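Scroll down for the structure; my scribbles are underneath it.
Since every read-out is calculated from the coordinates, none of them should be taken as a lab result. These figures come from a predicted structure and were not determined experimentally. Don't worry about glycine lacking a Cβ; one is built from the backbone with ideal geometry, like all the others, and counts go over all protein chains shown.
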Amino acid sequence: MTFNPLEHRGIPLDRQLRNWRELDVEPIDPDHADPYTRCRIIAMNGIEVEAILFSHQFARNCPSMDVKRQLAEVRYMEQQQQRAVNWLLPGVSSALENTIAYEQVAVDLTAWVARMEPDPYLKQAYEFGVLEDFDHLYRYANLYEMVQHRKAEKIVDGLTEVIPGRPTRYHHRHPHDNVREPYDRNAAAPISKLHALTIMAAEQQTMNYYMNVGPEYMEPIARQLYQEIGLVEEEHVTHYESLVDPGETWWERLVNHEYNECYLYHSFMETESDPRIKAIWELHLDMELEHLRLACDLMREHDGREPEQVLAPELPPPVTFEPNKAYLRELLDTQMDLTTLGAGYVWEAHERFERMQEGIHGGEAPPSDRVVDAHRERFGSDYRLSTEGEHPDPRLREQPSQER
Amino acid sequence: MSVEDRPEHAEDVIELLVGQHMLIRDLFAEVQTATGEHRAEAFARLVHLLAVHETAEEEVVHPLARRGIDGGEQVVEDRLHEEREAKEALVRLEGMDLGSEEFDAALALLRDSVLQHAHYEEAYEFRHLRGRYDQDRLETLAAQVRMAEKAAPTHPHPGNETAVKNLTVGPVLAVFDRVRDAMRGGGSQGG
Ligand SMILES: [Fe+2]
Ligand SMILES: [Fe+2]
Ligand SMILES: [Fe+2]
Ligand SMILES: [Fe+2]
Ligand SMILES: [Fe+2]
Ligand SMILES: [Fe+2]
């Protein structure tokens, strides 16, 4: 069925305010919920956080008092939406457990987007990035068993494999090599713009999460691992945000943001397995339809353009959380040794990359290596959840323990 | 490797207890999804694990926290209060039919409060202990807890399958008492 958000009426803005009782949502069950329900919550939280931060930036660049006031009013509702969504996460889950779920989101959302992306240059950007978050999942899973004495398979539930990706040690590139070429706003397919916005928002939330929860840990290896992977997430935000055409006007960007919120709430409403959570996606979709209408009016007034010129005539197929095991294994087989040079990709470690590597590692093993070494020392092997056979890359197959 | 083996890797008493918190959490989830005999058996394991775990905390860890951390008296009082409530809830559960909605509801409540209790222990108690006591001490205590765990009868007596059906490692309070005796005995033998 097709859905054009421009043709639907939402909840009027002056009826969107929720009271404390309405905001006090019941969290999902930490041990019985669908892992992909948790993934949708985490992804949607990232989208709402981006809506809020974007609106603040817009307000700071906006001379019109009327527009500022309207932005403030819509933004307050975005804030309430963020509370209602993120507060669905249960307090029983530790920050590290949420972290593993964040990386599961990064893996299965980015893989899905890569599979659906029509533009080959953009597709390459997603395929490149996903192998790194895939490796983060493996590193954090090793940490999880060490500090919390529980296995990551309890969290990912066999939907996502936990095996080495492109080793995190090699993610530390010179910042110049993280800047990609943007798509062309006049030529790009609408779906490409939505993809870029979605992954950028997810990575931004991941970066913010790691930079804030890292110091809550007491274990030195945990504190260090959050520093390291948090810095890689900075690279990912740089990588994905540079895909977005900076020539888009503020009005156009606002419309794209609201349209993307409609797209994702609609997607999650269509694919949600938990009826209670589905009702929240539906409610929020009805709110976003109104945000979108208001943004479209601003664009017509201030940009002198019809939003239909930049938007898709109907929503693309729903963003779906589903296993991507075969796809990821193919990437592991073919793109493991890739790095970036300028706005492109190369197979060889170049001079600027080597210099960055020397500088950041200082001649020592990084936390991402040490966490796996420590796990091996303690449990005899690293932690993996491998459901589809041996690792595609022979160098990353399980090494038998040295002592035995 | 079964999940039950995992705390064996633990090095000190805090890691051991944190590992048990995870086992308790997973066991609650298991009881909730299990039915019939399997549910009775999983519930019996849960009762035993809670007895071992809470007793170890009462005998070994709370006294350290009481003396060793700022505001330790009050923090430990709060934890003991929660532990007493959990024990009472367990006693009520053992009087219920395992297949009943009443049991489901009471189990869900107990699970929430036990998991919250575990979180408080980790946040307000355990994380301060490592700074206060040296590693050797914490490791010795772990060994004591493990010994007591072994000394306390783990499973229903072999051949007592009907008893399993009636949920039994014995009445809940008796299990707690037995573990406590074993722990006190084990502690003095060890030291
Ligand atoms: Fe929103
Ligand atoms: Fe990541
Ligand atoms: Fe990332
Ligand atoms: Fe919105
Ligand atoms: Fe306790
Ligand atoms: Fe405890």
Rounded FRET efficiency, nearest 0.05, which uses the C-beta distance separating A:Glu234 from A:Arg397 and R0 of 30 Å
0.45
Cα lying deepest toward the dipole's positive end in the stretch A:206-280, options A:Cys262, A:Met218, A:His239, charges on Cβ
A:Met218
What number, in nm² with one decimal, is the all-direction average of the projected area of the convex hull of the alpha-carbon atoms of the stretch B:71-148?
6.5 nm²
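Can you sort A:Thr340, A:Thr2, A:Thr99 from fewest to most other Cβ atoms within 10 Å of each residue's own Cβ? Mind dumping the intermediate values first?
Numbers: A:Thr340 21, A:Thr2 7, A:Thr99 27.
Listing A:Thr340, A:Thr2, A:Thr99 from fewest to most nearby Cβ atoms yields A:Thr2, A:Thr340, A:Thr99.
Given the DSSP H assignment, sum -39500 (n - 2.57) over each helix run of at least 4 residues in the protein assembly as shown and divide by its residue total; what's the result at 222 nm in deg cm²/dmol, nearest 500?
Values: 22 runs with 377 residues, N = 595.
It comes out at -21500 deg cm²/dmol, rounded to the nearest 500.
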29 Å Cα cut-off, lysine pairs counted over the protein assembly as shown (separation 8 or more, or different chains):
18
In whole Å, what is the distance between the alpha-carbon centres of the stretch B:78-154 and the stretch A:107-138?
43 Å
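Kirkwood hydrodynamic radius of the stretch A:267-404 from all distinct Cα pairs, in Å? Don't jump to the answer; show the numbers that get you there.
On the way: mean 1/r = 0.0471 Å⁻¹.
Kirkwood hydrodynamic radius for the stretch A:267-404: 21.2 Å.
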Report the far tail of the P(r) of the stretch B:11-183, meaning the percent of Cα-Cα pairs longer than 24 Å.
35 percent
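Expressed in whole Å with the largest first, what are the equivalent ellipsoid semi-axes of the stretch A:196-263 derived from the C-alpha gyration tensor as the square root of 5 times each eigenvalue?
Values: eigenvalues 189, 29, 12 Å².
Semi-axes from the Cα gyration tensor: 31, 12, 8 Å.
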Between the stretch A:221-254 and the stretch A:340-404, the Cα center-to-center distance that results, in Å
23 Å
Convex hull over the alpha-carbon atoms of the protein assembly as shown: what's its volume per residue in Å³?
187 Å³
Taking r as the C-beta separation of B:Lys87 and A:Asp29 and R0 as 25 Å, the FRET efficiency to the nearest 0.05 is 0.55
Who wins for biggest fluctuation among A:Glu282, A:Glu314, A:Glu48 in a Gaussian network model of chain A, springs between alpha carbons below 10 Å?
A:Glu314
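Using a 10 Å cut-off around each Cβ, can you sort A:Glu145, A:Glu161, B:Glu77 from fewest to most neighbouring Cβ atoms? Present the calculation step by step, with values, prior to reporting the outcome.
Details: A:Glu145 20, A:Glu161 24, B:Glu77 12.
Ascending Cβ contact count within 10 Å gives the list B:Glu77, A:Glu145, A:Glu161.
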At a Förster distance of 30 Å, what's the computed FRET efficiency of A:Arg9 paired with A:Tyr327, Cβ-Cβ distance as r, to 0.05?
0.20
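Convex hull over the alpha-carbon atoms of the stretch A:248-344: what's its volume per residue in Å³? Present the calculation step by step, with values, prior to reporting the outcome.
On the way: hull volume 13.8 nm³, N = 97.
Convex hull volume per residue, Cα atoms: 142 Å³.
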Could you line up B:Ile24, A:Ile163 from fewest to most neighbouring Cβ atoms inside 10 Å?
B:Ile24, A:Ile163
To the nearest 20 Debye, how big is the dipole of chain A about its Cα centre, given +1 on the beta carbon of each Lys and Arg and -1 on that of each Asp and Glu?
540 debye
Starting from the 7 Å offset along Cα-to-Cβ, what nm value, one decimal, do you get for the label separation of A:Ala189 and B:Ala143?
6.6 nm
